[in-house]
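This report refers to the structure that appears directly beneath it.
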Amino acid sequence: MPETPSIEDSLNKRGRRVAKLFRNAFSKEVVLFLVFLAVAFFFWILQSIQEIGEYALPVPVRYEAVPGQVTITNELPDVFEVTLRDKGFTLFQYYRQRRKLTIHLNPMDWYKKDGISYVDRGVIESRIRANLKPTTQLLSIRPDTLALFFVEKASKALPVVLNRDISLHPQHLLLGEPVLHPAKVTAYAPMDMLDKLEHVETVVLRAEGLKTSTTYKVKLQPREGVHYSTDHVLVNLRVEEFTEKTLSVPVTGLNFPPNEQLLSFPAVVNVSFLVGLSAYEQVTAADFEVGVEYQDLLKAENRLCTPRLVKQPPYVQRVRLPADQLECLIEKK
């Protein structure tokens, strides 16, 4: 009974067949053919890059910003389409490094108040040629002339209004109103548009759980036909942990005749409020004023009046007065 070949023998046998196949595929004739093919391809490439050819290429153009009071009403091209003639290798270099061909134009060099100016072909061509090799021919430029439609704008200073959606961390408060810098911006637009503008609004500033003072860069809402002296403002939010404080404040008479004065029972009321920790010690009763109006007292029944808060410092919040009415009298001086 014949022996069954082992797995190792089968693998060795198949390996020898594969090796033989590769030896036949890579015979001397095949290798020689591939070498000649590679050499022929090399010489074809070498000849191609030495031949003179033509190539259409977009040349980017960048414009310097114009002052806010001036606008250009027509659309300016982003690129000039040029046709170049040179050796293939040089044209290929231009293609690879086309960003380095970018030219720069300052429209204000051709400024004409409320008029039309033209950048002629000679200027455009000289800017483009400055980035080309001496051997390169510039066959065509499209567009070959650039029109600039200038319009002078009027200006108006406008306050900036902050749109906000802000929440604070528990036991924290905002110290006063947000501080904007700049608080006003200059708007440039035709006069009939400026007459309708009263303020400039920002995009919505969104912030959650604030517990430290923070400064944000907030964009202005764009408006078609209007240019602003800046496109953003800095917004400073002063945030601090707070506590509650109560002070006894005297009740004063408001708008009393010179020869009369208020006599109230009690003569002082407790004023409670929230204040940041940094200002806790500096706030005093003198920073508040609580009073009773003379005309209210004349109309009051049973001489009972409700005092009202007249003055408070800007850095306190949620000021509360007692709900009880005061017994008030008018006293001659």
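Some points to look at:
- Filtered residues of region 273-307 (kept if more than 30 Å from residue 212 (Cβ to Cβ) and loosely packed, with under 12 Cβ neighbours inside 10 Å): 286, 295, 298, 299, 301, 302
- Residue tally, condition outside any loop (DSSP other than H, G, I, E, B) and either modelled with pLDDT under 90 or within 37 Å of the chain's Cα centre (by Cα) (or both), over region 225-259: 13
- Of all residues in region 125-140, those that are touching a Ser or Thr at 6+ places or on another chain (Cβ under 8 Å) and either within 16 Å of residue 76 (Cβ to Cβ) or in the same structural domain as residue 186 (by TED's automatic domain parsing) (or both) total 0.
- As a summary of the residue check, residue 131 satisfies the conditions (1) assigned to a strand (DSSP E or B); (2) over 30 Å from residue 236 (Cβ atoms) except for the one numbered (1).
- Looking only at region 92-109, and only at residues there that are touching a strand residue (DSSP E or B) at 6+ places or on another chain (Cβ under 8 Å), modelled with pLDDT of 90 or more and assigned to a helix (DSSP H, G or I), the one that is surrounded by the fewest Cβ atoms within 10 Å (Cβ to Cβ): 108
- Which numbered condition residue 68 fails, given (1) among the small types (Gly, Ala, Ser); (2) modelled with pLDDT under 85; (3) closer than 30 Å to residue 226 by Cα; (4) assigned to a strand (DSSP E or B): (4)
- Any hit, region 154-168, residues being touching an Asp or Glu at 6+ places or on another chain (Cβ under 6 Å), part of a strand (DSSP E or B), of a type in the set (Ser, Thr, Tyr) and not assigned by TED's automatic domain parsing to the domain that holds residue 83: yes
- Residue 214 being polar (S, T, N, Q) and surrounded by fewer than 12 Cβ atoms within 10 Å (Cβ to Cβ): no
- Residue match in region 38-57 (condition: assigned to a strand (DSSP E or B) and at pLDDT below 80): yes
- Of the listed requirements (1) touching a strand residue (DSSP E or B) at 6+ places or on another chain (Cβ under 7 Å); (2) surrounded by fewer than 18 Cβ atoms within 10 Å (Cβ to Cβ), residue 177 misses just one: (1).
- Residue under evaluation residue 314, criteria (1) part of a loop (DSSP other than H, G, I, E, B); (2) at pLDDT 90 or above, criterion not met: (2)
- Any hit, region 189-200, residues being crowded, with 18+ Cβ neighbours inside 10 Å and without any contact (Cβ under 8 Å) to a residue 40 or more places away in the chain: yes
- Taken as a whole, the structure leaves residue 196 outside the set of residues that are part of a strand (DSSP E or B), on the phi < 0 side of the Ramachandran plot and of a type in the set (Lys, Arg).
The values are calculated or read from the model by the stated rules, or taken from the named source; none is laboratory data. Quantities reported herein were computed from a predicted structural model and do not represent experimental measurements. With ideal geometry, Cβ positions are generated from the backbone for all residues, glycine too; neighbour counts draw on all protein chains shown.
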